[in-house]
Amino acid sequence: MSSKIRSIEQIIEEQVQKWQISKMEKKSAVAIRPVITVSREPGSGGRVLAQKLADKHHMDLFHQELLHEIAASAKVSRVFLHTLDEKGLTVLEDWIASLVHQRHLWPDQYQQHLMKVVGTIGKHGNAVVVGRGANFILPPEGRLRVRVISPLEVRIENLVKQYGATASDAKRRIIRTENERQAFIRKYFNADIANPIHYDLVVNTGTLQLDQAVDTVSIAAGL
């Protein structure tokens with residue numbers, strides 16, 4: 001087994017233990033804190049914003065690469081699902097069936113796992129989820145869907161500073177990543193990732209500093 005897979009499994013084991021401890025500590029009915037989904041334009045700073053949100057409010061952070069690794073493994077996906085009781089699992093499966101019907105989806109095994117994994121995160125709450133179409137998966141209650149955008153020239157400048165790339169290389173990277181994300185959402189959710197109708201809040205980091213954006217999202221989420 002590769003070190004990458006071991007690393008992912010270790011992360012999941014720690015998360016599952018955290019959920020189990022949290023469940024044991026909740027003796028009385030306590031409102032579950034929301035899940036914030038973050039969709040972002042490449043170079044807009046959305047990933048950093050998500051990290052800042054998670055750090056500020058002590059929320060779990062699930063980034064795109066981690067979600068992909070979990071959904072790609074049937075074994076790891078099952079570990080996630082087993083953190084739900086029978087009632088929670090039934091509600092989740094009913095919601096996914098409704099989602100598939102409403103959006104006319106034909107989910108392959110990867111998408112089925114992805115929807116169940118993100119749905120499980122939603123059931124536990126108190127999380128920030130980056131990418132992978134999470135905003136299309138979670139039900140409206142207890143969810144805030146955020147889209148982070150910025151003018152192309154600002155995003156190019158951000159990548160030049162972050163990676164030391166030339167402006168032309170940064171632009172190519174942004175366009176390639178944008179195309180990949182658009183294709184993913186179109187394939188799995190029959191939707192346009194850039195359409196603001198799919199989000200509750202659109203944040204422009206070209207006009208807002210990241211800390212201001214974090215405060216704005218926090219207020220919108222009621223945190």
Would you pick out the residues in the range 197-214 that are within 17 Å of PRO139 (Cα to Cα) and touching a residue at least 24 places away in the same chain (Cβ under 8 Å)? HIS198, TYR199, ASP200, LEU201
Among residues of the range 140-154 being in contact with a Gly (Cβ under 7 Å, 6 or more places away or on another chain) and farther than 16 Å from VAL202 by Cα, the residue modelled with the highest pLDDT is VAL154
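Got a number for residues in the range 132-157 being more than 18 Å from ALA54 (Cα to Cα) and either assigned to a strand (DSSP E or B) or hydroxyl-bearing (Ser, Thr, Tyr) (or both)? Don't jump to the end; show me each part of the working.
So the first thing to find is which residues in the range 132-157 are more than 18 Å from ALA54 (Cα to Cα), and the list is 133, 136-141, 149-157.
Next cut, either assigned to a strand (DSSP E or B) or hydroxyl-bearing (Ser, Thr, Tyr) (or both) only: 149-150.
So the count comes out to 2.
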Would you please list the contacts, defined by Cβ atoms under 6 Å and residues six or more apart or on different chains, that run from a residue in the range 156-172 that is of a type in the set (Lys, Arg) to a residue that is part of a helix (DSSP H, G or I) and crowded, with 17+ Cβ neighbours inside 10 Å? LYS171/ILE156
The range 172-188, residues that are under 26 Å from MET115 (Cβ atoms), of a type in the set (A, V, I, L, M, F, W, C) and surrounded by fewer than 14 Cβ atoms within 10 Å (Cβ to Cβ): ALA183
Restricted to the range 174-193, and to residues that are in contact (Cβ under 8 Å) with a residue 40 or more places away in the chain and part of a loop (DSSP other than H, G, I, E, B), which residue is farthest from GLY43 (Cα to Cα)? ASN190
Scan (1) at negative phi; (2) within 16 Å of the chain's Cα centre (by Cα); (3) not aromatic (Phe, Trp, Tyr) for the single condition THR166 breaks and write down its number. (2)
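Any residue at all in the range 137-147 that's more than 22 Å from ARG186 (Cα to Cα), among the hydrophobic types (A, V, I, L, M, F, W, C) and surrounded by 19 or more Cβ atoms within 10 Å (Cβ to Cβ)? Please lay out each step first, then the result.
Going through the range 137-147, the residues more than 22 Å from ARG186 (Cα to Cα) turn out to be 141-142.
Next, from what is left, pick out any that are among the hydrophobic types (A, V, I, L, M, F, W, C): none.
Among the residues of the range 137-147, not one is more than 22 Å from ARG186 (Cα to Cα), among the hydrophobic types (A, V, I, L, M, F, W, C) and surrounded by 19 or more Cβ atoms within 10 Å (Cβ to Cβ), which makes the answer no.
Could we say that GLY222 is small (Gly, Ala, Ser), out of contact with any Lys or Arg (no Cβ under 8 Å at 6 or more places or on another chain) and on the phi > 0 side of the Ramachandran plot here? Reasoning before the result, please.
On the way: small (Gly, Ala, Ser): yes; out of contact with any Lys or Arg (no Cβ under 8 Å at 6 or more places or on another chain): yes; on the phi > 0 side of the Ramachandran plot: yes.
Yes.
The values are calculated or read from the model by the stated rules, or taken from the named source; none is laboratory data. What you see is a predicted model, and the numbers here were worked out from it, not measured in a lab. Reconstructed Cβ throughout: ideal geometry from the backbone, glycine too, with neighbour counts over all protein chains shown.
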